[in-house]
Every structure is written in structure tokens, then in C-alpha cells.
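Participant: Once you've had a glance at the structure underneath, I'll fire off some questions.
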Amino acid sequence: MKTYNNKGSVDTRSGFGAGLEELGKKNANVVALCADLTGSLKMDAFKKNHPERFFQIGIAEANMISMAAGMTIGGKIPFTGTFANFSTGRVYDQIRQSVAYSNKNVKICASHAGLTLGEDGATHQILEDIGLMKMLPGMTVINTCDYNQTKAATLAIAEHDGPVYLRFGRPKVANFTDENQTFEIGKAVQLTEGQDVTIIATGHLVWEALEAAKELNEKGISAEVINIHTIKPLDEKAILESVAKTKCVVTAEEHNFLGGLGESVARTLALHKPAPQEFVATEDTFGESGTPAQLMEKYGLNAKSIIEKAQKVIKRK
């Protein structure tokens, strides 16, 4: 099977910062707004090099979203930045009314998503944001897996006309995708070919899925790994073609199994090609304080759990 090498672990939020800085040089219409978390969102370089296009809003996330919506009327392409919890849950009304309903060209960029926010605990972690955002009509929802893909996605969404939710994280994770990749919104990436089980993963769980596939291969199980970086619009064709071959699927995400990638895949299968499915996700729960590694282990968001679910779902065929 095809193998992938970690080119050096790095946080995905830094990929966003690098992409935003590159956009600052390339596109004079790109503006950045931040809710008092410039360093955490890695927006420092954009602020330093393009101060006239950087707006520090302070701890006023609702105002930030409303301002961003207004800026689009003048042809600007605003990128807002704060933690995922504050990018969605805290400002959902503003996003729904001022951005999604009006189809404004706002890029809502959210760091520190999921359990891997770590020690800050349940009040700052969010495991519902993909569900919140994918239910908004016209909202594109992207959840990237590593530094390179996050940078590529940041560049790509500037060219997309319409509201986007871009979700990334805090911890250093494997950086394994192509440095010079072209990011295509709504197009899944097949990472390995397999015959026995399809593993569909997003975000930080993509690397875990690859690690799981290697161990499964050693056990004589051929796993096909698909990186779904775009939750909406979902690449249903890639999903259905893979499951038609393997006859079963495991979905893996750092999100509640209610409302996340797994539910989108389940809906696709139910409508077109029903097949056994197992979920690697949190199960209707809030998070808690702990290191990212401790939390991913406790909540079963790792290669070990993917292997267990793959073996289970194969028996259900």
C-alpha cells in the first residue's frame, strides 16, 4: 500500500497564518479581522505587513462578524479569526442573519477546534461546530488535516465566492500532504487503495486513519483511506464509488457523531447505497481538560479506535 511520511509535525493554524500572509501579498481586497487572538491565530505576519488591512476587534466576536459582512459590500474579502467555539457558537445568530442568509463573501476561519484545544477544557472546546455550520444554506465547510493542506485551503477559499467556514487546530500534527498541492473545494482525496473497508476521515483524524491502515494491512486487511477535507459540499461520488467496492465504511472525525462528517456519509449511503458503517467520533458529550494526547486517547479518537471499528464493520458485511 502507498505510504506517507511525516515531513515534520506542525500546527495547522500556522498553515492558515502562512496562507493568509501570502494572500495579503497577492490580493489587495483581502482583509483580516481578529477577536483579540492575533498570536493564537497566527495572523501576526499579515498584521505586520498589511496593517491598513488588519482590524483588531477585541473580544467582540458578534461585532467582528457583522463588520466582516459589511465589508463585503465594498468588494473586500474578509477573513475573520478566533477560536472555533467563539467563531460559531457565540456568534451563530450573526452568521445566520448577516452572512449566510445574505450570502456574503465572508471567510470564517476557526482555530483550536475539537478536543485538541486541550487544557482549556469544555467551555473552550467545541465538538458541534461542523453540524452548526453545515446546516446553514450556502455555507461551505472545510476541515483540513495538516499544515500544507490548511495553507492551500486558505488560498483557495479566497477565490471562492460565498461564505466559508474553515476549521483547523492548535496542536502540532503530522505534516504529510504535498507542499505544492492544489486545493479543490468539494473534492475528496483518496490516499490509499483498498478492498476490505473504506476509512473516511477528516481533520486530525486523517493521519490516524493512515496509521490505522498500515496496521490493518499487517493484519491482512486492505483499507481504502479517503481524506474528506470538505464536509460541505460533500464528494458523494468518491464515497459511493469506494463503498461500492469495499461494502463497508468507518468514518473518523474530531467532532460529535451527531451532526458531523459521519452523519453526512450515513445520509449519502442511506439515499444511494446502504452499507454497514461505524463511527469514530465523540458520542454526545462535552470534552474536558487534559493534554490533546490524553483526550484523544480517552475519547477514542485515534488509530487504535479506527482499527477496532474497521474490524467490527467488516464482520457486519
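Bear in mind these aren't lab numbers, they're just calculated from the coordinates by the rules spelled out. Owing to the predicted nature of the structure, the values given are computational and were not obtained by experimental measurement. Methodologically, a virtual Cβ is constructed for each residue, glycine included, from the backbone with ideal geometry; neighbour enumeration extends over all protein chains shown.
Participant: Please compare each pair in 247/309; 7/312; 151/219; 187/245; 7/232 to a cut-off of 26 Å on the Cα-Cα distance and tell me which ones are over it.
Facilitator: Values: 247/309 14 Å; 7/312 32 Å; 151/219 35 Å; 187/245 19 Å; 7/232 28 Å.
Among 247/309; 7/312; 151/219; 187/245; 7/232, the Cα-Cα distance tops 26 Å for 7/312; 151/219; 7/232.
Participant: Continuing with the same structure: Return 309, 245 ranked ascending by Cβ neighbour count within 10 Å, so the fewest neighbours appear first.
Facilitator: 245, 309
Participant: Same structure, new question: Taking the dipole about the Cα centre of the chain, with the C-beta of Lys and Arg at +1 and of Asp and Glu at -1, give me whichever of 89, 239, 43 is farthest to the positive side.
Facilitator: The residue sitting farthest along the positive end of the dipole is 239.
Participant: Let me ask something else. Mind checking Rg over Rh on the stretch 189-315, alpha carbons, Kirkwood formula for Rh?
Facilitator: My calculation puts Rg/Rh at 0.95.
Participant: Just to confirm a number: summing +1 for Lys and Arg and -1 for Asp and Glu over residues other than residue 236 whose beta-carbon lies under 12 angstrom from that of residue 236, what do you get? Walk me through the intermediate numbers first.
Facilitator: Working: positive: 187, 232, 237, 267, 273; negative: 235, 241.
Net charge around residue 236: +3.
Participant: Here is a further query. Arrange 33, 258 by Cβ neighbour counts within 10 Å, fewest through most, would you? Before the final figure, lay out the partial values.
Facilitator: On the way: 33 24, 258 15.
Result, fewest neighbours first: 258, 33.
Participant: May I ask for the distance between the Cα centers of the stretch 32-68 and the stretch 246-309, given as a whole number of Å?
Facilitator: When both Cα centres are located, 33 Å separates them.
Participant: Specify the longest stretch of the chain that does not include any exposed loop site, a site being one of the GluC sites (Glu not before Pro) with a non-H, G, I, E, B DSSP assignment and at most 12 other Cβ atoms within 10 Å. Each step should come with its number before you reach the end.
Facilitator: Numbers: sites that count: 179, 283.
So the longest stretch without any such site is 1-178.
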